[in-house]
Amino acid sequence: MALLEINGISKVYGGQGPGGVTALHAVDLCIEAGEYVAVMGPSGSGKTTLLSILGAMSTPSAGSLLIDGIDVYGLSQERQADLRREYLGFVFQGLELVPYLTALENVMLPLAILKEKGKQERALEALERVGIDERKGGRVPAELSGGEQGRVAIARAIVNDPPIIMADEPVGSLDSATGRQILDLLRELADEGRAVVMVTHNPESTEDVDRIIRIRDGRVEEDARLLRVETQPMAAVHTH
Amino acid sequence: MTLRDIAFGNLRRRKGKALLITMGLTTAVAAFVLVLTLILSLRHSMDEQLSSYGANLLVTPPASDVTLSYGGATIEGAASGQVAYLSDAQLQAIRALPPDQVVGVLPILLAPLEVEGRRFLGLGTELAQAEERKAWWKVEGRLPQKDNEVLLGLNVRNELGVETGESIRVAGQDFVVSGVLWETGDQEDNLILLDLPVLQELTGIRGRYHLIEVTAARSDAVEPLLAQMTRELPEAEVTALRKSIEFTNQSNKALADFGLAITALIVIVAGFVVATTMLMAVKERQKEIGIFRAVGYKQRHVASLVLMEAAALSAVAAGVGIALGAAGAWATPQLARGLSLVFVFDPLVLVYGTLLAFILGLTASLYPAWRAAGLEPSLALKRI
């Protein structure tokens with residue numbers, strides 16, 4: 001059973017009538033645990049819409065999303081929120097760290113609604129995992145470098161130990177060297193067995209991915225699994 | 001970290017909006033406290049002044065035929081010649097009433113007096129207390145201080161053609177005119193006023209009175225006193241002089257209604273300011289709220305964040321608003337001395353002011369909280 005499975009997903013904005021805009025047309029996809037997938041396409045192709053649906057953040061007009069066999073959009077809003085917390089970690093475009101919270105508090109953000117002990121310890125572990133020193137945990141984002149902010153964003157995404165990571169243009173605002181560090185981290189997370197889905201428009205960001213899905217005009221144009229070797233990808237296996 | 005930390009952190013970051021909301025709430029609370037305190041102070045001052053404008057209750061013997069009367073009391077009675085009096089025991093019963101309800105008890109004895117072949121009505125009472133209770137009394141000269149002194153009403157003075165310091169013969173005895181009561185426009189103009197013991201000596205009527213004037217401490221004490229005295233003095237008639245009381249009560253009510261109407265208007269405007277500012281803040285935070293929802297926050301968590309911020313600002317507004325309102329109420333008598341206001345502060349105003357701050361702040365934030373809770377998590381992916 002795939003970790004993420006979408007069947008016949010369509011999304012129409014503005015109603016079914018003549019004024020409606022179809023962002024996705026009957027898309028089918030399966031993503032396994034440990035896969036590092038890049039979703040690429042030009043502006044308006046539907047990749048952000050696909051990400052929002054995969055992330056249980058936007059109800060499709062048709063079709064279904066199964067996460068670990070659970071029909072996500074058959075759940076109530078409350079249960080969908082629980083599912084996002086348990087299964088999904090997000091790295092947002094521009095990182096979107098909360099500016100008035102420290103790095104540690106940003107990582108604890110998904111835990112703030114839980115009545116559990118040990119929240120701070122979990123957050124510190126996540127920061128350590130991404131290579132952020134505990135001392136820097138007390139700084140607000142403005143006091144951190146771009147790379148450090150990117151790491152904090154990833155720490156926030158993994159603090160609940162989710163099996164799926166969604167990244168929306170995670171290195172768009174970073175320089176190439178810093179961006180490389182972030183991409184390497186995402187590769188490591190995939191190697192740990194998580195499914196990592198990254199939306200990007202930059203081909204250079206896809207050097208380490210296992211699979212590239214190209215979308216155009218709301219349809220999957222290409223779905224290529226890449227054979228990775230130690231030095232470079234040798235071939236693409238097209239599955240679409 | 002908790003939701004409260006996020007709420008307070010947001011307030012620290014958005015100080016401008018927090019200040020605007022706090023100012024709106026503070027204005028409403030301050031206006032409410034100011035008006036409420038001024039109403040209490042004004043009511044207290046008017047009651048104090050009321051006690052210097054004469055009696056508001058009259059105690060008389062049971063009514064009978066009247067041939068000569070003062071303030072509803074019998075002077076010469078029915079064909080049987082029987083004149084009803086109030087007793088000393090009844091006077092003492094009235095004097096025993098609580099001093100926080102009764103500020104004046106004035107026993108009055110009336111008697112026809114012959115002066116130089118003419119008949120006038122003599123009134124014996126405690127003249128010093130009477131002058132204190134009747135602010136309209138203006139005495140040329142002074143009140144009688146000796147047993148052979150009298151105070152004349154203006155019409156009596158004019159009819160007799162005497163001046164202050166001159167002697168007259170009253171009921172066969174010599175008296176000196178110590179003073180003249182300037183025109184009151186009432187029955188006092190036609191009276192010869194003496195201290196009670198002097199008239200008792202002249203008439204031989206001791207321990208008996210034609211009426212007793214009672215002054216209540218406050219306008220709202222009159223009706224309860226009327227009921228109590230009616231019960232405790234079954235052999236007497238007790239009447240409330242409602243004219244001045246009603247005027248005072250109506251004035252109080254009109255001022256209170258006006259003040260509260262202005263306050264209600266301020267509270268409504270403040271509510272709109274709070275709601276609008278909160279809505280603007282929610283709109284600015286759409287992406288941030290989308291992220292909260294994306295990481296698993298439910299709608300009630302998001303609503304709680306907004307309401308916690310409102311509660312925190314309401315607490316600040318309560319403290320500052322009450323202080324400002326009380327300070328304004330304290331300063332008003334200093335600045336408007338013509339009003340003769342005395343500052344009176346009821347501790348319950350602290351409770352009412354605090355309740356108003358929280359009710360207004362939270363109610364005005366309900367719609368913004370609902371809008372925030374309804375924001376979709378997909379806003380987290382919104383391109384800027």
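The values are calculated or read from the model by the stated rules, or taken from the named source; none is laboratory data. In this text the structure is predicted, and so the values were computed from the model without any measurement. A quick note on method: Cβ atoms are made from the backbone with ideal geometry, for glycine too, and the neighbour counts reach across all protein chains shown.
Do you know which of the residues in segment B:250-268 that are buried (at least 17 other Cβ atoms within 10 Å of the Cβ) and under 19 Å from the mean Cα position of the chain (by Cα) is nearest to B:LEU360 (Cα to Cα)?
The extreme case among them is B:GLY259.
If only one of B:ILE39, B:ILE6 is of a type outside the set (Phe, Trp, Tyr), more than 18 Å from B:VAL344 (Cα to Cα) and part of a helix (DSSP H, G or I), which one is it?
B:ILE6 is the lone residue from the list that is of a type outside the set (Phe, Trp, Tyr), more than 18 Å from B:VAL344 (Cα to Cα) and part of a helix (DSSP H, G or I).
Return yes or no: is A:PRO162 under 24 Å from B:LYS382 (Cβ atoms) and out of contact with any Phe, Trp or Tyr (no Cβ under 6 Å at 6 or more places or on another chain)?
no
What is the one condition in (1) closer than 21 Å to B:LEU265 by Cβ; (2) among the aromatic types (Phe, Trp, Tyr); (3) in contact with a Phe, Trp or Tyr (Cβ under 9 Å, 6 or more places away or on another chain) that B:PHE345 does not satisfy?
The failed condition is (1).
Scan segment A:121-142 for residues that are away from every other protein chain (no Cβ under 14 Å) and not aliphatic (A, V, I, L, M) and jot them down.
If the condition is that a residue be away from every other protein chain (no Cβ under 14 Å) and not aliphatic (A, V, I, L, M), then A:GLU125, A:GLU128, A:ARG129, A:GLY131, A:ASP133, A:GLU134, A:ARG135, A:LYS136, A:ARG139 are the ones that fit.
Can you find a residue that is surrounded by 14 or more Cβ atoms within 10 Å (Cβ to Cβ), at pLDDT below 90, farther than 20 Å from A:PRO110 by Cα and not aromatic (Phe, Trp, Tyr) anywhere in segment A:193-201?
yes
Hey, A:GLY147 hits all of (1) of a type outside the set (Lys, Arg); (2) buried (at least 17 other Cβ atoms within 10 Å of the Cβ); (3) within 14 Å of chain B (Cβ to nearest Cβ) but one; which does it fall short on?
That leaves (3) as the condition not met.
Given the condition among the basic types (Lys, Arg), more than 10 Å from chain B (Cβ to nearest Cβ), outside any loop (DSSP other than H, G, I, E, B) and surrounded by 22 or more Cβ atoms within 10 Å (Cβ to Cβ), answer yes or no: does some residue in segment A:6-20 qualify?
yes
Could you figure out which of (1) more than 21 Å from A:GLY55 (Cα to Cα); (2) surrounded by 21 or more Cβ atoms within 10 Å (Cβ to Cβ) isn't true of A:LYS115?
The one condition A:LYS115 does not meet is (2).
Please verify whether B:GLU235 is outside the structural domain of B:LEU42 (by TED's automatic domain parsing) and buried (at least 18 other Cβ atoms within 10 Å of the Cβ), treating the condition exactly as stated.
So B:GLU235 fails the test.
Inside segment B:77-170, counting only helices (runs of 4 or more DSSP H) that do not spill past its ends, which hold 2 or more residues that are among the acidic types (Asp, Glu)?
In segment B:77-170, B:127-133 are the helices (runs of 4 or more DSSP H) which contain 2 or more residues that are among the acidic types (Asp, Glu).
Say we look at segment B:260-299 and pick out the residues that are without any contact (Cβ under 8 Å) to a residue 40 or more places away in the chain and of a type in the set (Gly, Ala, Ser); which of these is nearest to the other protein chains (Cβ to nearest Cβ)?
Taking the candidates together, the pick is B:GLY296.
Residues to consider are B:VAL351, B:VAL306, B:VAL344; find the one that is closer than 29 Å to A:LEU101 by Cβ and aliphatic (A, V, I, L, M).
None of the others qualify; the one that does is B:VAL306.
Within 25 Å of A:MET57 (Cβ to Cβ), surrounded by fewer than 23 Cβ atoms within 10 Å (Cβ to Cβ), touching a strand residue (DSSP E or B) at 6+ places or on another chain (Cβ under 8 Å) and touching a residue at least 60 places away in the same chain (Cβ under 8 Å): which single residue out of A:ALA190, A:ALA157, A:ALA167, A:ALA153 fits that description?
Step by step, each of A:ALA190, A:ALA157, A:ALA167, A:ALA153 is checked, and only A:ALA190 is within 25 Å of A:MET57 (Cβ to Cβ), surrounded by fewer than 23 Cβ atoms within 10 Å (Cβ to Cβ), touching a strand residue (DSSP E or B) at 6+ places or on another chain (Cβ under 8 Å) and touching a residue at least 60 places away in the same chain (Cβ under 8 Å).
Give me a count of the residues in segment A:204-222 that are closer than 26 Å to A:LYS11 by Cα and surrounded by fewer than 18 Cβ atoms within 10 Å (Cβ to Cβ).
So the count comes out to 5.
Could you please tell me which pairs satisfy a Cβ distance under 7 Å, a separation of 6+ or placement on different chains, a first residue in segment A:94-120 that is at the interface with chain B (Cβ under 7 Å from one of its Cβ atoms), and a second residue that is part of a loop (DSSP other than H, G, I, E, B) and hydroxyl-bearing (Ser, Thr, Tyr)?
Going by the 7 Å Cβ cut-off, the qualifying pairs are A:ALA112/B:THR2; A:ILE113/B:TYR297.
Among the residues of segment B:115-132, are any modelled with pLDDT under 90, in contact with a helix residue (DSSP H, G or I) (Cβ under 6 Å, 6 or more places away or on another chain) and buried (at least 18 other Cβ atoms within 10 Å of the Cβ)?
no
Give the residue, chosen from A:SER43, A:SER76, that is loosely packed, with under 15 Cβ neighbours inside 10 Å, within 14 Å of another protein chain (Cβ to nearest Cβ), in contact (Cβ under 8 Å) with a residue 12 or more places away in the chain and over 15 Å from the mean Cα position of the chain (by Cα).
Just one listed residue meets the conditions, A:SER43.
Applying the selection to segment A:46-62, what residues are farther than 19 Å from A:GLU221 by Cα, of a type outside the set (A, V, I, L, M) and more than 10 Å from chain B (Cβ to nearest Cβ)?
A:PRO60, A:SER61
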